[in-house]
Amino acid sequence: MSRIDALIANLCPDGVEFKAIGEFGELVRGNGMPKSDFVEAGVGCIHYGQIYTYYGAWASETISFVPAEKAARLAKVDPGDLIITNTSENLDDVCKAVAWLGDEQIVTGGHATVLKHGQDPKYLSYYLQTPHFFGEKKRLATGTKVIDVLAKSLAKIKIPVPPLEIQQEIVAILDKFTKLEAELEAELEARRRQYRHYRDALLSFEASSKQQAASSKHKVDGLGRNR
């Protein structure tokens, strides 16, 4: 029996309870914050589009900032909160989440919802990547060119909510695989660069022929001058 199985048997012998997101958390819909509001320094912010183009399952730093006076009017994201996209051009990206693990409060804007909760933030963010959650959001999604899942619809989706000790054990395991995946991707990219280098070097016959011709001409010219 694995440690997780043992924890489930001990902490929830009747099985893991499924709860609607709105039962264990508060959903706060964001508004405003176009990219034109971004400044070099200020209050950290995460734009909904950055969630599916830049951020992974969690973040502790932001790449964008807004002035304090504009941040005051935006949805607040406290450490441990999730920011979930409500709008996308495809089903894969809608409802993608990033858990905010930074030390300070940040903000977010329109087309995003902040989930405030008492669960492990990484557990929730990882779960929102699962096929089961995908099926649930697909059922509630509306639109064709632009896909949308309203905050009130998101609140109805039921997910497994095991005790925190189990959530943390699951996160520890998934974090190890995430780190390993990143290391393998870095190694693979290094091998790709190496392959491209040798491919181009080994197959550059025309360039090699020109270099050899130039070298031979140089030798002939040199012999001619030495006579």
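The values are calculated or read from the model by the stated rules, or taken from the named source; none is laboratory data. Predicted, not measured: the structure shown is a model, and the values here were computed from it. Note that we place each Cβ from the backbone using ideal geometry, even for glycine, and neighbour counts take in every protein chain shown.
Note on region 49-71: among residues that are closer than 18 Å to LEU115 by Cβ and over 9 Å from the mean Cα position of the chain (by Cα), the one that is surrounded by the fewest Cβ atoms within 10 Å (Cβ to Cβ) is SER60.
Among the residues of region 16-37, none is identified as within 17 Å of VAL77 (Cα to Cα), part of a loop (DSSP other than H, G, I, E, B) and of a type in the set (D, E, K, R). There is at least one residue in region 21-43 that is closer than 26 Å to GLN129 by Cβ, aromatic (Phe, Trp, Tyr) and at pLDDT 95 or above. Please determine whether any residue of region 107-121 is closer than 22 Å to ILE21 by Cα and part of a helix (DSSP H, G or I). Yes; the residues of region 107-121 include at least one that is closer than 22 Å to ILE21 by Cα and part of a helix (DSSP H, G or I).
Evaluation of GLY109 against the conditions (1) at pLDDT 95 or above; (2) touching a helix residue (DSSP H, G or I) at 6+ places or on another chain (Cβ under 9 Å); (3) surrounded by fewer than 20 Cβ atoms within 10 Å (Cβ to Cβ) shows that the sole unmet condition is (3).
Take the conditions (1) among the polar types (S, T, N, Q); (2) assigned to a helix (DSSP H, G or I); (3) touching a residue at least 12 places away in the same chain (Cβ under 8 Å); GLN194 misses just one of them, which is (3).
The rows are residues; the columns are (1) surrounded by 17 or more Cβ atoms within 10 Å (Cβ to Cβ); (2) over 30 Å from SER64 (Cα atoms); (3) touching a Gly at 6+ places or on another chain (Cβ under 7 Å); (4) modelled with pLDDT under 95.
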residue	(1), (2), (3), (4)
VAL114	yes, no, yes, no
TYR126	yes, no, no, no
LEU150	no, no, no, yes
ASP175	no, no, no, yes
LEU184	no, no, no, yes
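Contact map, region 116-139: residues that are among the basic types (Lys, Arg) paired with residues that are assigned to a helix (DSSP H, G or I), Cβ distance under 6 Å, separation 6+ or inter-chain. Pairs shown: LYS122/VAL171.
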